[in-house]
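K.L.:
Submitted below is the structure of interest, expressed as structure tokens.
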Amino acid sequence: MHHLLTKVLFVCMGNICRSPAAEIMFHQQVKQAGLSNAFLIDSAGTTGYHEGNPPDRRMIRTLEKRGYAIFGCSRPMVDDDFSIFDHILIMDQDNECELLKRPASAPYRHKIRFLTDFATRHNDTYVPDPYYGGDQGFEHVADLIEDACAGLLEKLKSGADS
């Protein structure tokens, strides 16, 4: 049914809280839908501050409580990512500004969307950075991302099948 690989990249600032959570959640949702062979899923940060680090301990705890398997390490977004990925899903306006500042983004602006555009149960316009807050922030972010990833998968499935 699916011959083309849909390539999805999740982007936040440091690639240790929000974008790895999205990568992990979307990966599991895709797997549960039996579509693992149809997707290439990755995440990256607009900065390289945390390059090579695993996800933030608090995000790991939040995800493990929900039954997700944890994987991945932080990497900065590179110019080639704009051409390689079909969908570049950002968490907030800062991520958008950082990406649009890069000359390499110019031909690919149509690929950049807010992850929250796909949420069906939440009205948040962006995914807030939980890094400097408490556990409640991580729970809210996980709720938002889980919802938006489910909506994204539905949208991509319906697009791929039409």
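The values are calculated or read from the model by the stated rules, or taken from the named source; none is laboratory data. Only a predicted model underlies this, so the values are computations on that prediction, with no experimental measurement involved. Note that each Cβ is placed from the backbone with ideal geometry, even for glycine, and that neighbours are counted across all protein chains shown.
K.L.:
For residues that are touching a helix residue (DSSP H, G or I) at 6+ places or on another chain (Cβ under 6 Å) and farther than 15 Å from T6 by Cβ, tally how many sit in segment 113-124.
P.N.:
Matching residues across segment 113-124 total 7.
K.L.:
Kindly establish whether F118 is crowded, with 18+ Cβ neighbours inside 10 Å, under 11 Å from R18 (Cβ atoms) and among the aromatic types (F, W, Y).
P.N.:
Judged against the criteria, F118 is not a match.
K.L.:
When you check G14 against the structure, is it out of contact with any Cys (no Cβ under 9 Å at 6 or more places or on another chain), modelled with pLDDT of 95 or more, part of a loop (DSSP other than H, G, I, E, B) and under 22 Å from K155 (Cα atoms), yes or no?
P.N.:
no
K.L.:
State which residue pairs qualify: first residue more than 18 Å from G45 (Cβ to Cβ) and inside segment 61-76, second residue aliphatic (A, V, I, L, M) and assigned to a loop (DSSP other than H, G, I, E, B) in any location, beta carbons under 7 Å apart, and separation of 6 or more residues or different chains.
P.N.:
E64/I70
K.L.:
Here's a follow-up. Please pick out the residue among G159, G133, G137 that is assigned to a loop (DSSP other than H, G, I, E, B) and surrounded by fewer than 18 Cβ atoms within 10 Å (Cβ to Cβ).
P.N.:
Checking each option against the conditions leaves just G133.
K.L.:
Against the conditions (1) in contact (Cβ under 8 Å) with a residue 60 or more places away in the chain; (2) out of contact with any strand residue (DSSP E or B) (no Cβ under 6 Å at 6 or more places or on another chain); (3) closer than 15 Å to D86 by Cβ, where does K155 fall short? Just the number, please.
P.N.:
(1)
K.L.:
Would you check if there is a residue in segment 66-74 being within 13 Å of the chain's Cα centre (by Cα) and closer than 24 Å to G151 by Cα?
P.N.:
For segment 66-74, residues within 13 Å of the chain's Cα centre (by Cα) and closer than 24 Å to G151 by Cα: present.
K.L.:
Follow-up. Look at segment 37-54 and say how many of its residues are among the acidic types (D, E) and in a loop (DSSP other than H, G, I, E, B).
P.N.:
Going through segment 37-54 one residue at a time, the tally reaches 1.
K.L.:
Condition first: buried (at least 23 other Cβ atoms within 10 Å of the Cβ), touching a residue at least 60 places away in the same chain (Cβ under 8 Å), part of a loop (DSSP other than H, G, I, E, B) and at positive phi. Can you find one or more residues in segment 79-87 that meet it?
P.N.:
No; the residues of segment 79-87 include none that is buried (at least 23 other Cβ atoms within 10 Å of the Cβ), touching a residue at least 60 places away in the same chain (Cβ under 8 Å), part of a loop (DSSP other than H, G, I, E, B) and at positive phi.
K.L.:
If G34 passes every condition in (1) free of Cβ contacts under 8 Å to residues at least 60 places away in the same chain; (2) in a loop (DSSP other than H, G, I, E, B); (3) closer than 29 Å to Y131 by Cβ but one, which one does it miss?
P.N.:
(3)
K.L.:
Same structure again: Quick one: would you say I84 is among the β-branched types (V, I, T), under 15 Å from N15 (Cα atoms) and either in contact with an Asp or Glu (Cβ under 8 Å, 6 or more places away or on another chain) or modelled with pLDDT of 95 or more (or both)?
P.N.:
Taking the combined requirement at face value, the residue does not satisfy it.
K.L.:
Consider R109 against the criteria (1) surrounded by 14 or more Cβ atoms within 10 Å (Cβ to Cβ); (2) within 17 Å of M77 (Cα to Cα): it satisfies all of them except one. Which criterion is unmet?
P.N.:
Single failed check for R109: (1).
K.L.:
Same structure, new question: Out of the residues in segment 28-45 that are under 22 Å from K65 (Cα atoms) and more than 10 Å from the chain's Cα centre (by Cα), which is surrounded by the most Cβ atoms within 10 Å (Cβ to Cβ)?
P.N.:
V30
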